[in-house]
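The values are calculated or read from the model by the stated rules, or taken from the named source; none is laboratory data. Everything numeric here is computed off the predicted structure, so don't read it as measured data. A quick note on method: Cβ atoms are made from the backbone with ideal geometry, for glycine too, and the neighbour counts reach across all protein chains shown. These accessible areas exclude ligands, DNA and RNA; they are computed on the full protein's heavy atoms, side chains included. Shrake-Rupley method; radii C 1.70, N 1.55, O 1.52, S 1.80 Å.
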Amino acid sequence: MKFSVDKHDKYVTLKLEEPKFTNDNSPGLKSELYLLNAEGFKNIIVDLSQVIECNDAQDLSCLLVGDRLCKSANGLFIVTGINDQLAPIIELSNIFQSVTFVNTLEEATDFIFMDELEKEFRGAK
């Protein structure tokens, strides 16, 4: 499975660099999510902008793992880069009811920084 990881202070971006999201690369993505969480990253962005095919909604279940890991660490799990080919299978899977989806990487990072500011503000009171 090909992917790139871009680590920052407040979050990490994991970009899948394959055209297909399948049951062959889904376990690798799940493993990487566990590793990133174990390293202390509580805010994870998964960028699927290079993925143009996913034939089985079950393959998307690894995203639920990432969401659960981040929520248990009081962080955010955000998926971005969904194109017209992936949107129908994501809608069919109902995964959007649990996982946060945004259009762009910039929106995802803004979402994380706003959440972190809100947590700091609430903690200051």
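One Cα centroid belongs to the range 65-93, the other to the range 1-22; the line between them spans 13 Å. Counting only alpha carbon atoms, the long axis of helix 26-38 and the longest principal axis of the chain meet at about 10°.
If you roll a 1.4 angstrom probe over the protein chains with everything in place, what fraction of the accessible area of the chain belongs to carbon and sulfur, to the nearest %?
Working: 3450 of 6960 Å².
Answer for the chain: carbon and sulfur cover 50 percent of the accessible area.
Summarising the label geometry, the points placed 7 Å from Cα in the beta-carbon direction at Lys119 and Lys7 lie 1.8 nm from one another. Of all beta bridges that DSSP places with both ends in the chain, some 30 percent have antiparallel geometry.
Taking every DSSP helix (H) stretch of at least 4 residues in the chain, weighting each as -39,500 (n - 2.57) and dividing the sum by the residue count yields a mean residue ellipticity at 222 nm of -13000 deg cm²/dmol. For the range 28-74, applying the loop criterion from DSSP together with a ceiling of 13 other beta carbons within 10 Å to the GluC sites (Glu not before Pro) yields Glu39.
In the chain, the longest principal axis of the Cα atoms and the axis of helix 105-124 are about 30 degrees apart. The angle between the Cα long axis of helix 61-72 and the main principal axis of the chain comes to about 10°, on a 0 to 90 degree scale. Taking a quarter of the surface of the Cα convex hull of the range 52-112 gives a mean projected area of 4.0 nm². Out of Gly75, Gly40, Gly28, any idea which swings most in a Gaussian network model of the chain, alpha carbons joined below 10 Å? Highest fluctuation of the listed residues: Gly40.
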